Ligand SMILES: Cc1cc2nc3c(=O)[nH]c(=O)nc-3n(C[C@H](O)[C@H](O)[C@H](O)COP(=O)(O)O)c2cc1C
């Protein structure tokens, strides 16, 4: 995503993003707003694309954008509900506070029911909101603090993940983002119950470095780090990863003091 920021890093940044993602065999995502057909052009690179729409106060426009994502072939769509008050100023020229609004559970259900493709609620950081996402009928949530752009002093997504996993179990797919920088961060998230992770700024920096090839380089580096760290913790496959392979800072403190 990083919709406003990403378009400044290189020419045709979203197409370059999709090319890099496709070359590495992973999906690409796009937020709101971007050029009306950008997600279509991204898919022309061969990359599967999912499109996340802002919690627009104009319900008709919200439903139209979600339906448009489905009609245009996106494999999933959804809403970044942590943008209900717009984004914090700084680093990005778009704040969206004029077009976004908190949406009731009923409106979110209406939005979800407007499409048949998998539906993602992005920006969940509490168990209560994860349960609300299940009630709405979401297929997946993104445990995310919007890279710190939503609220000051928000806990990290990695800290929020274990309780959300315990509450949700396998009823929804759990995706995590905000702060993934290395393969070891991916391994930690998977060990704590995430099914997948997203990267924002790492993708942006890769594109800045060398367009789609720069992104592929970043993804290869992270992939190598994932493999290396899995070997080091004794996991042969992703499903081998578990919480016992991690040591919490709290328990480390207790061990040092005892
Ligand atoms: C400058 C900036 C702009 C962003 N704009 C959007 C946006 O328009 N829509 C959205 O869903 N997320 C947006 N995000 C959040 C990203 O989608 C993603 O959740 C976040 O960047 C992941 O964290 P990471 O950058 O640490 O990987 C933005 C993040 C940043 C840093």
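Side notes on the structure shown:
- Distance between the stretch 46-93 and the stretch 130-203 - C-alpha centres, whole angstrom: 18 Å
- Helix-only arithmetic for the chain: the sum of -39500 (n - 2.57) across DSSP H runs with n ≥ 4, divided by the residue total, places the mean residue ellipticity at 222 nm at -14000 deg cm²/dmol.
- Residue order, fewest to most beta carbons within 10 Å, for 254, 225: 254, 225
- Footprinting exposure proxy for 150, 156 (fewest neighbouring C-beta atoms within 10 Å first): 156, 150
- The Cα-based radius of gyration and maximum Cα-Cα distance (Dmax) for the chain are 18.2, 60 Å.
- Three-way shape call for the stretch 109-258 based on the alpha-carbon gyration tensor, with the a/c threshold at 1.5: oblate
- Contact order normalised by residue count of the stretch 17-170, Cα under 8 Å, 6+ apart, percent: 17 percent
- Remark: relative contact order (the chain) = 16 percent; criterion is Cα-Cα distance under 8 angstrom and separation of 6 or more residues.
- Relative contact order of the stretch 105-168: 34 percent, from C-alpha pairs under 8 Å at least 6 residues apart in sequence.
- 246, 17 arranged by Cβ crowding within 10 Å, fewest neighbours leading: 246, 17
Just so you know, all these numbers are worked out from the coordinates, no wet-lab data involved. The structure displayed is predicted, hence computed values, not measured ones. Please note: Cβ atoms are built from the backbone with ideal geometry, for glycine as well, and neighbour counts cover all protein chains shown.
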